[in-house]
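Visitor: I have a structure I would like to understand better, so I am pasting it below and will then ask my questions one at a time.
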């Protein structure tokens with residue numbers, strides 16, 4: 001790897017802070033990886049996506065990074081900041097300075113899928129593991145004659161509601177101690193566990209086949225790293241633990257676990 | 001410098017769907033549920049359908065429950081008509097409202113996690129402009145999934161698409177439509193990830209490319225909502241309808257403008273100014289904080305303009321407050337979970353104990369590609385273009401007229417998605433003449449991309465985009481006037497010139513973000529041009545289109561704007577009449593559907 005010259009913004013003023021970003025870059029055309037430093041003066045309340053945009057606008061329009069909603073609801077902008085998986089749209093500059101106790105930050109792409117360019121990884125490949133976990137109702141339970149939809153009480157949903165908030169940002173998969181080559185990953189597992197806990201799903205055995213396969217839950221070392229890094233603060237490890245014990249409360253599937 | 005481009009691949013399919021948000025995927029699932037062997041190609045610009053903007057919709061989904069003893073579809077139709085400032089098409093309003101509840105059930109059966117009440121039934125809440133008995137009292141009409149209803153819809157929908165074996169073409173751009181004898185027969189795609197051009201021959205093309213909010217600096221819209229569908233339609237000399245009808249959400253989180261749902265007010269949140277006065281009663285004595293969005297956005301801006309705003313020191317932006325402190329912990333922690341975390345994460349405010357800073361933020365484009373009730377795209381003479389359909393935010397049927405009611409947008413996505421799915425199914429049954437694309441296909445795209453990569457000059461994509469977005473927010477926002485609009489148009493023309501001299505730093509075709517954004521910039525510039533020019537042309541105030549120099553709604557403007565771009569680059573106008581089917585039906589309450597005055 002080579003290091004290129006440092007690019008600096010020239011602004012300064014009130015509420016601005018000078019930070020240095022060391023970004024791992026990748027050029028697919030030449031299959032070349034290198035580190036590039038950018039020194040930027042940015043607002044303390046700016047998000048990291050805003051900082052990356054500032055780099056595009058003022059220093060280097062070629063730097064590629066991914067995002068979509070930019071408020072933590074889609075999970076497209078996950079990157080490593082000082083080795084921690086985070087959503088770039090949620091990390092404010094002042095929080096990053098406090099959290100890492102520095103104004104120097106290294107930014108790298110996630111390693112759960114091949115890098116396409118700079119900070120952009122091939123999410124399509126990452127998602128193939130989620131698709132494998134069948135993120136839908138495979139076989140819905142029949143309705144009672146007097147129902148037009150399933151009657152579900154809040155207490156039925158309570159146990160798994162948090163897991164439905166997952167946005168597939170793959171921060172948990174990144175932090176997981178198991179390799180994504182041997183384990184389908186925490187988020188993909190959780191996509192299936194949600195449906196095992198959903199009283200409307202009846203195809204439990206089909207789900208358990210994958211979860212209890214050699215790429216399934218027994219690859220989980222219970223490090224709880226997934227819960228620790230989840231930007232949505234979902235206790236992912238809790239759901240993996242329930243599934244390991246076959247405890248799918250309130251569902252068709254509990255006794256089959 | 002790149003050599004001459006060519007197609008990497010030629011694909012044939014029955015149906016090409018461009019855009020994999022709620023509308024596109026509902027259309028796809030409808031087709032596959034009835035005709036499983038249909039060869040469908042689903043294309044999206046984002047990395048995966050789950051990253052689509054539908055997923056950010058928060059508050060709810062309006063639909064009258066047939067078991068509701070108080071509510072009635074006619075009230076929902078009336079609210080939508082009144083909310084639209086009498087510019088929605090009544091045939092569309094009736095069709096969508098009457099088919100709404102079926103869609104709620106469709107989603108539930110496929111796994112959407114609606115919030116339930118203590119009886120185990122779908123919980124409901126109220127939103128601005130939704131009433132019973134023609135404005136008498138608030139209607140509890142919206143079902144919801146916490147404050148992530150859009151995510152619930154999107155997750156259900158892409159899950160169903162995966163279940164049905166749909167293969168997504170992610171990170172592909174629609175750069176060109178292909179026509180033969182006036183019929184749409186396919187499209188040119190650019191595979192952004194691999195840097196390849198693909199030609200697609202399709203019996204039907206469905207555009208569901210989403211909104212255009214990125215034309216504004218402060219917006220709730222995602223980074224990818226760059227008006228691409230409108231850009232492609234305009235580049236082919238086809239019209240867009242009511243482009244000037246742009247919604248500004250009253251409560252964007254101060255700074256980035258992130259959406260803070262109307263559900264905040266539906267659950268009891270109160271807007272306050274710097275003196276902590278609950279000022280909405282001044283502007284809408286009856287509905288107060290639950291008046292429609294155009295009314296509340298203007299009120300918020302007026303409070304700030306008249307010196308009753310609060311300055312946010314971090315962003316140096318003036319704002320008003322939304323007071324949520326009196327709401328229960330359950331509401332904060334469960335029903336408004338996501339939004340509560342936004343305030344904590346982005347402005348460091350705990351809405352349980354502190355006032356939360358908000359200001360209007362661009363939110364939704366009521367205007368779009370003109371379509372019939374069945375989603376068929378129309379040309380400027382209102383003739384249907386065979387083989388071409390549009391749904392979702394990029395389309396305009398028109399369900400929302402000049403102001404959309406809360407919770408009506410995701411309702412439109414799924415109902416119109418289904419309707420277009422049915423239209424496509426019907427049309428697939430007919431024996432179609434073999435429509436081979438004309439031989440010069442792709443030349444337009446190749447020429448465009450070649451110009452992008454070869455252009456020289458001092459300009460850069462982000463700087464021009466940033467200037468454009470600031471101009472649009474400052475001069476084509478909540479309040480508009482002739483001076484500001486004229487000046488905005490001058491700036492847009494200058495920026496169009498400057499864009500010719502953008503030198504791209506990265507010359508690769510492969511995963512070149514700069515190249516994709518250069519292409520998006522052309523769409524943003526074109527869409528901004530028709531928005532601003534149409535706003536200038538409409539010398540009246542109607543719904544979200546507020547002209548300070550023409551503050552009243554005028555009967556002379558009781559029509560939809562059609563705007564297209566001439567080969568010389570000028571915006572050319574025509575009109576489409578507003579459909580008044582309900583009013584003209586003579587049925588019960590038909591008299592309520594005339595050009596009524598709008599008080600809340």
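Values quoted throughout were computed directly from the atomic coordinates according to the rules given, and no laboratory measurement underlies them. Computed from a prediction, not measured in an experiment: that's the story for all the values here. Neighbour counts are summed over all protein chains in view; Cβ atoms, including those assigned to glycine, are modelled from backbone coordinates with ideal geometry.
Visitor: Peptides A:175-184, A:75-84, A:125-134: what's the order by average Cβ count within 10 Å, highest mean first?
Guide: Details: A:175-184: 17.1, A:75-84: 22.0, A:125-134: 20.1.
Listed from highest to lowest mean packing, they are A:75-84, A:125-134, A:175-184.
Visitor: Could you work out, for the range B:557-600, what percent of all Cα-Cα pairs fall into each 10 Å distance bin, beginning at 0 Å and stopping at the bin that holds the largest distance?
Guide: Spelled out bin by bin, the range B:557-600 gives 23, 31, 24, 16, 6 percent.
Visitor: Working only with C-alpha atoms, what are the Rg and Dmax values of the range A:176-233, expressed in angstrom?
Guide: Gyration radius and largest Cα-Cα distance of the range A:176-233: 12.0, 33 Å.
Visitor: With 24 Å as the cut-off, how large is the P(r) tail for the range B:91-246, expressed as percent of Cα-Cα pairs?
Guide: 56 percent
Visitor: What does the structure give for B:107-114 when I average, per residue, the other chain Cβ atoms found within 10 Å of the residue Cβ?
Guide: Numbers: counts 1, 7, 7, 4, 12, 3, 10, 4.
If you average over the peptide's residues, the count of other-chain Cβ atoms is 6.
Visitor: Could you work out how far helix B:461-475 tilts from the main Cα principal axis of chain B, as a 0 to 90 degree angle to the nearest 10?
Guide: Helix B:461-475 sits at roughly 40 degrees to that axis.
Visitor: Mind ranking B:393-402, A:140-149 by how tightly packed they are, going by the mean number of other C-beta atoms within 10 angstrom, highest first?
Guide: Put in order of decreasing packing, that is B:393-402, A:140-149.
Visitor: Kirkwood hydrodynamic radius, computed over distinct alpha-carbon pairs, for the range B:436-589: how many Å, to one decimal?
Guide: It works out to 18.1 Å.
Visitor: Here is a follow-up. Taking Rh as the Kirkwood radius computed over C-alpha pairs, what is the Stokes-Einstein D of the range A:25-95 at 20 °C in a medium of viscosity 1.002 mPa s, expressed in µm² per second? The partial results should precede the final answer.
Guide: Numbers: Rh = 13.1 Å.
My calculation gives 164 µm²/s for D.
Visitor: Taking the number of other C-beta atoms within 10 Å as the exposure measure, put B:296, B:478, B:384 in order starting with the fewest.
Guide: Sorted ascending by nearby Cβ count, the order is B:384, B:478, B:296.
Visitor: Separate question: On a 0 to 90 degree scale, rounded to 10, what angle separates helix B:513-537 from the longest Cα axis of chain B?
Guide: Orientation of helix B:513-537: about 60 degrees from the principal axis.
Visitor: Output the Cα-based Rg and Dmax of chain B in Å, rounding Rg to one decimal and Dmax to a whole number.
Guide: Computed over the Cα atoms of chain B, radius of gyration and Dmax are 22.9, 69 Å.
Visitor: Right, another one. For chain A, report the convex hull volume of the alpha-carbon atoms normalised per residue, in Å³, without decimals.
Guide: Considering the Cα atoms of chain A, their hull volume per residue is 148 Å³.
Visitor: Also, quick follow-up: Looking only at other chains, what is the average number of their beta-carbon atoms within 10 angstrom of each beta-carbon in A:49-58?
Guide: 3
Visitor: Return the ratio Rg/(2.2 N^0.38 Å) for the protein assembly as shown, where Rg is computed over Cα atoms only.
Guide: Cα Rg divided by the expected 2.2 N^0.38 Å: 0.89.
Visitor: Continuing with this model, one more query. Hey, fewest Cβ within 10 Å first, where do B:27, A:171, B:506, A:230 land in order? Kindly include the intermediate steps, with their values, before the conclusion.
Guide: On the way: B:27 32, A:171 29, B:506 21, A:230 24.
Placing the least packed residue first, the sequence is B:506, A:230, A:171, B:27.
Visitor: From the Cα gyration tensor of the range B:250-362, with a ≥ b ≥ c the square roots of its eigenvalues, which class applies: rounded if a/c is under 1.5, or else prolate if a/b is larger than b/c, or else oblate?
Guide: oblate
Visitor: Normalise the Cα radius of gyration of the range B:97-141 by 2.2 N^0.38 Å (N = residues in it) and let me know the number.
Guide: For the range B:97-141, the normalised Cα radius of gyration is 1.34.
Visitor: Rounded to the nearest Å, what's the spacing between the alpha carbon centres of the range B:521-600 and the range B:4-76? Just the number, please.
Guide: Rounded to whole Å, the Cα centres lie 27 Å apart.
Visitor: How would B:244, B:338 line up from fewest to most surrounding beta-carbon atoms within 10 angstrom?
Guide: B:338, B:244
Visitor: Right, next: Can you compute the helix-only [θ] at 222 nm over the protein assembly as shown? Use -39500 (n - 2.57) per DSSP H run of at least 4 residues, normalise by all residues, nearest 500 deg cm²/dmol.
Guide: -9500 deg cm²/dmol
Visitor: Would you mind giving the three semi-axes, in whole Å and largest first, of the ellipsoid equivalent to the range B:1-143 according to its Cα gyration tensor?
Guide: 37, 19, 15
Visitor: Tilt of helix B:149-163 relative to the longest C-alpha principal axis of chain B, in degrees (0 to 90, nearest 10)?
Guide: Helix B:149-163 sits roughly 40 degrees off the main axis of chain B.
Visitor: What's the ranking of A:235-244, B:198-207 by average number of surrounding C-beta atoms within 10 Å, highest first?
Guide: Averaged packing, sorted descending, gives the order B:198-207, A:235-244.
Visitor: Shifting gears a bit: Mind putting together the pair-distance distribution for the range A:2-121? All Cα pairs, 10 Å bins, whole percent per bin, short to long.
Guide: Percent of pairs per bin, in order: 14, 49, 33, 5, 0.
Visitor: Roughly how far apart, in whole Å, are the Cα centres of the range B:127-203 and the range A:94-156?
Guide: First find each Cα centre; the distance between them is then 19 Å.
Visitor: Cα atoms only, the range B:506-596: Rg and Dmax in Å?
Guide: Cα radius of gyration and Dmax of the range B:506-596 are 19.7, 64 Å respectively.
Visitor: Report, to one decimal in Å, the Kirkwood hydrodynamic radius for the range B:42-94 based on all distinct Cα pairs. List each step's numbers first, then the result.
Guide: Working: mean 1/r = 0.0714 Å⁻¹.
After inverting the pairwise mean of 1/r, the radius is 14.0 Å.
Visitor: When you look at the Cβ of every residue in A:193-199, what mean number of other chain Cβ atoms sits within 10 Å?
Guide: Numbers: counts 0, 3, 2, 0, 0, 2, 0.
Partner Cβ neighbours, averaged per residue: 1.
Visitor: Which three extents, in whole angstrom, do the alpha-carbon atoms of the range A:123-244 cover along their principal axes, largest first?
Guide: 48, 27, 26
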